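A short write-up of the structure that comes next.
The values are calculated or read from the model by the stated rules, or taken from the named source; none is laboratory data. These numbers were taken from a predicted model, which means no experiment stands behind them. As a convention, Cβ positions derive from the backbone with ideal geometry for all residues, glycine included, and neighbour counts pool all protein chains shown.
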Amino acid sequence: MKKILGYFKKNKVRKALALTVCFSLIRLLAGLLVYVAAAGHSSTVRSVYTEKIFPFITAPMKFIASLVPFSVGETLLIAAVGLSLAGLVFCFARWIYLAAKKKKGTKGFLRLLAAVIALAILVGGNFFIYGGLNYRSLTFKEVTGLETSAVDTEELQQLCLLLGKKATEARKAVAKNENGVASDPRSYEELLKLSPSGFANAAKEFSCLEGTLVGPKPAFLSEIMSYEQIAGIFPIVYTESIVNVNSPVYDTPFTACHELAHQLGFMQEDEANFIGYLAAVNSDDPLYVYSGYYNGFSYAMNQLYSYDRDRWSAVWSDPGIDAEGISNDMRNANSVWDAYRKKAPVVSKVSEAVNDTYLKANDIPDGTHSYGRMVDLMLAYYKSSIQ
């Protein structure tokens, strides 16, 4: 042990790396321990962490994010990767140079490896501190008392009719391009800044939706996200919402509001979808309203199709629904995502598998299929509002 300690004491760089690795490891293990211990104590997690600690510790990140128009998290990621690659090239060049001089040159590689490991452990610890614990918190259903039940196909059909008519009405106020597809002349930056506004109106009904929110940032890596079939992300290790700007513009508001739901501590994907829907349809912006109803209608119709295709056809045939316009938007959205999927099918499958595994590891048994459970919440909300 003395020899090991002596080895690190002899060199300031080694000492700094050793201390960083130790600190990061202790931090990671402590976070993991709290995460495991929090299972079954969702009320305590909600009252202590989600409502008090989480808003406080994420405030500095939100403040920084509010000052700049770009994604700070992505910038840090790109910088870390760039510096790591630059360090690798430097170490390799140094190793060749020292080899030519018949000297050992492995220390540079070892230091770089130690630095990368320290950074990885540090970032891993961030998961538990900056939001991962919210997976152990009360869900939106538990906070609001919204009760879901087994799907009744007649009620589901009525929900689809309601959402379809709402989407039809909202679509009238949205611009269209030369192909008749919903569009908007504003930049993604302008659109994303509007995302928190709908939450203020939705919070009048559900007070748990109150909170400080910072609009999502356009992703630098939108092209990569498109190949991965990802519309938006909330990287818990750095609490900032990021949206893929390659996705159809009429999908963007719903996605933005979904990612903001995570900023409020709601991590379940079906609930983030439902909250995103609520915030979007409660917005004063026409595109947001259409985006909310369009996505709600799409999810509900997909579920109705799996239960009863005759009822599904009946909804599309209803004269109060702009079947041609809405389906035109759906086909356009599918073509956008399909184009990327066909170019890199392996990347798409791996990305979905990783996301599915991540969700299951955080106590969401049905993984990526959980997104569609927002329909159960919409049905519960629909039934509670007409009682």
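Of the residues TYR299, TYR293, TYR340, TYR305, only one is within 14 Å of GLU169 (Cα to Cα) and in the same structural domain as LEU161 (by TED's automatic domain parsing); which? Before the answer, list the steps.
Working: TYR299 fails: within 14 Å of GLU169 (Cα to Cα); TYR340 fails: within 14 Å of GLU169 (Cα to Cα); TYR305 fails: within 14 Å of GLU169 (Cα to Cα).
From the options TYR299, TYR293, TYR340, TYR305, the qualifying one is TYR293.
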Filtered residue count, segment 272-291, keeping only those that are free of Cβ contacts under 8 Å to residues at least 40 places away in the same chain and either hydroxyl-bearing (Ser, Thr, Tyr) or over 12 Å from PHE199 (Cβ atoms) (or both): 1
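Please indicate, with yes or no, whether at least one residue in segment 327-345 is modelled with pLDDT under 70, of a type in the set (Gly, Ala, Ser) and farther than 17 Å from GLY292 by Cα.
No, segment 327-345 has no match at all.
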Residues that are hydrophobic (A, V, I, L, M, F, W, C), closer than 20 Å to ALA231 by Cβ and touching a Leu at 6+ places or on another chain (Cβ under 8 Å), drawn from segment 196-219: PHE199, LEU213
Helices (runs of 4 or more DSSP H) wholly inside segment 125-222 that include at least 1 residues being in contact with a helix residue (DSSP H, G or I) (Cβ under 6 Å, 6 or more places away or on another chain), surrounded by 14 or more Cβ atoms within 10 Å (Cβ to Cβ) and among the charged types (D, E, K, R): 153-171
